[in-house]
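Engineer: The following block contains the structure, expressed as structure tokens.
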Amino acid sequence: MRISVYGIPTLFACLALAAACAPREEVTRFQFLAFGTLVDIDVYGADRELAARAAADIETCFQALHRDWHPWGDGALGTINRAFARGETAPIDADLAGLLGEAASLSRASGGLFDPTLGRLVDLWGFSDDEQSPVAPPDAARIRALLDEGLGMQHLRIADGRIASSNPDIALDLGGFAKGVAVDRAVERLRALGVRNAIVNAGGDLRVIGRHGDRPWRIGIRHPRGKGVIAELEVHDGESVFTSGDYERYFDYQGRRYHHILDPRTGEPATGAISVTVLHRNAARADAAVTALFVAGSKAWRNVAAALGMTHVMLIGADGHIEMSPEMHERLRLVQPALDDRPRIAGDFA
Ligand code: ADP
Ligand code: MG
């Protein structure tokens, strides 16, 4: 994963509110790069040394996860993907096996819309290149060839510390999930070290602990097209807010935008949304869910949200209209319109 030039403004947008409202000295901020984005750890009112130790631990942990879970690097996942391509099995440790088990259950619940086995498609589209952005879509025949045998977690078998795939075209890509898992682990680590008020923000995807002094943490959700934030909300202890948008990684070709969230049914970038946000207690599930809901788009997101246990959802459709679950509508305050400024509440027009 490369450092996304689009990811950095997201981070600033999401922290702008917190920063503006906080007397500087009450919040200690630690920053580092991981998972292709800037990670911010803001700690409120805790012992500075304790917070620095926690942040350093988390940075080390994130760097290790980034290496282990990079689909084409020399860590565990890269080794697995190269073995699959040769029709061979590869070693897998209990941590990664557990993670893939969780990913498989989320993939099933999403009806396959969240599919971490489409690594070769991501690569074909040029979105796995850390250094370069793609300039044109791949050949349709090559996309079809990759989908031919059917992707999906059901092709994988894990036994006796080894993993096998029945389809050599499968490559694991945890890009839609890893950040969430990492954020959950960071929160666990902070809590274990005794930090009681903090926010872990990985490029706009975040989870909070405790409060910002005498009020909850407040965050903004980046506008998918305009400047600044489109909405803001208060986030309570243990809650996470994750967003997937078509503005994170994309290229324009012949007047059309091609972005990094692929529809596993077509092998093409999903077209039913430009941004999806969820609020949920578990960051890993939230991360997988926003990817799946983005693919589901404005026609199908309600069923997929129900299947994934997501109650708080906002989706901005391809034409810029905003749709929300009633639960999200209650929590979130729109700051500016998308393109069409009438938010539709899910129950109103199901
Ligand atoms: P971001 O990483 O920008 O926050 P997402 O969480 O939606 O956005 O993850 C997008 C990444 O997930 C892509 O870069 C790719 O690696 C992977 N991906 C793309 N489409 C899917 C999909 N349908 N299911 C699972 N992972 C996907
Ligand atoms: Mg995701």
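The values are calculated or read from the model by the stated rules, or taken from the named source; none is laboratory data. Being a predicted model, the structure only gives us computed values, none of them experimental. Quick reminder, even Gly has a Cβ in these numbers, built from the backbone with ideal geometry, and neighbours come from all protein chains shown. When the accessible area is computed, the model is the full protein with side chains, heavy atoms only, and any ligands, DNA or RNA have been set aside. Shrake-Rupley method; radii C 1.70, N 1.55, O 1.52, S 1.80 Å.
Engineer: Exactly which GluC sites (Glu not before Pro) in the stretch 102-183 are in a DSSP loop and have at most 15 other Cβ atoms within 10 Å?
Structural biologist: When the GluC sites (Glu not before Pro) of the stretch 102-183 are filtered for loop state and at most 15 Cβ neighbours within 10 Å, E131, E149 remain.
Engineer: Under 12 Å from the 7 Å Cα→Cβ point of D93, by amide nitrogen: which residues of the stretch 174-210?
Structural biologist: What the label zone holds, given the 12 Å backbone N cut-off, is no residue at all.
Engineer: While we're on this one: Just the C-alpha atoms of the stretch 76-165: what Rg/Rh do they give, with Rh taken as the Kirkwood radius?
Structural biologist: 0.98
Engineer: Compute the relative contact order of the stretch 76-165 as a whole-number percentage, counting only Cα pairs closer than 8 Å that sit 6 or more residues apart in sequence.
Structural biologist: 38 percent.
Engineer: Okay, next question. Out of the DSSP beta bridges found with both residues in the chain, what percent are antiparallel (nearest 5)?
Structural biologist: Taking every DSSP beta bridge within the chain, about 95 percent pair in antiparallel fashion.
Engineer: Taking 8 Å as the Cα distance limit and 6 or more residues as the minimum spacing, I'd like the relative contact order of the chain as a percentage.
Structural biologist: For the chain, the relative contact order is 18 percent.
Engineer: Same structure again: Quick check: pseudo-label points 7 Å beyond the Cα along Cα→Cβ at D129 and Q154, how many nm apart are they?
Structural biologist: 3.5 nm
Engineer: For the charge dipole of the chain, defined by +1 on Lys and Arg C-beta atoms and -1 on Asp and Glu C-beta atoms about the Cα centroid, which residue among V135, Q254, N167 has the Cα displaced farthest towards the positive pole?
Structural biologist: Most positive-ward Cα: Q254.
Engineer: Taking each full run of DSSP H in the chain as one helix, which ones are at least 15 Å long along their axis (Cα atoms) and have mean Kyte-Doolittle hydropathy of at least 1.0?
Structural biologist: Membrane-span-like by this criterion, though nothing is claimed about a membrane: 7-21.
Engineer: Ok, one more. Using a 7 Å offset from the Cα along the Cα-to-Cβ direction at both Q31 and D47, what is the distance between the two label points in nm, to one decimal?
Structural biologist: Result for the modelled spin labels: 2.7 nm.
Engineer: What is the distance in Å between the Cα centroid of the stretch 239-278 and that of the stretch 35-83?
Structural biologist: 24 Å
Engineer: Hey, another quick one. What is the spin-label model distance, in nm, from R144 to A64 if the labels are put 7 Å beyond Cα along the C-beta direction?
Structural biologist: Here the answer is 4.7 nm between the modelled labels.
Engineer: If you don't mind, another one. At 0.36 nm per residue, and after removing the present C-alpha to C-alpha distance, how many nm does the segment from T266 to D74 gain when stretched out fully?
Structural biologist: Length gained between T266 and D74: 66.2 nm.
Engineer: State, to one decimal in nm², a quarter of the convex hull surface area for the C-alpha atoms of the chain, i.e. the direction-averaged projected area.
Structural biologist: 16.8 nm²
Engineer: Something else: Add -39500 (n - 2.57) for each DSSP H run of 4 or more in the chain, then divide by its residues: what number comes out at 222 nm, to the nearest 500 deg cm²/dmol?
Structural biologist: -11500 deg cm²/dmol
Engineer: How large is the accessible surface per residue of the chain, computed with a 1.4 Å probe and reported in Å² as a whole number?
Structural biologist: Per residue, the chain has an accessible area of 42 Å².
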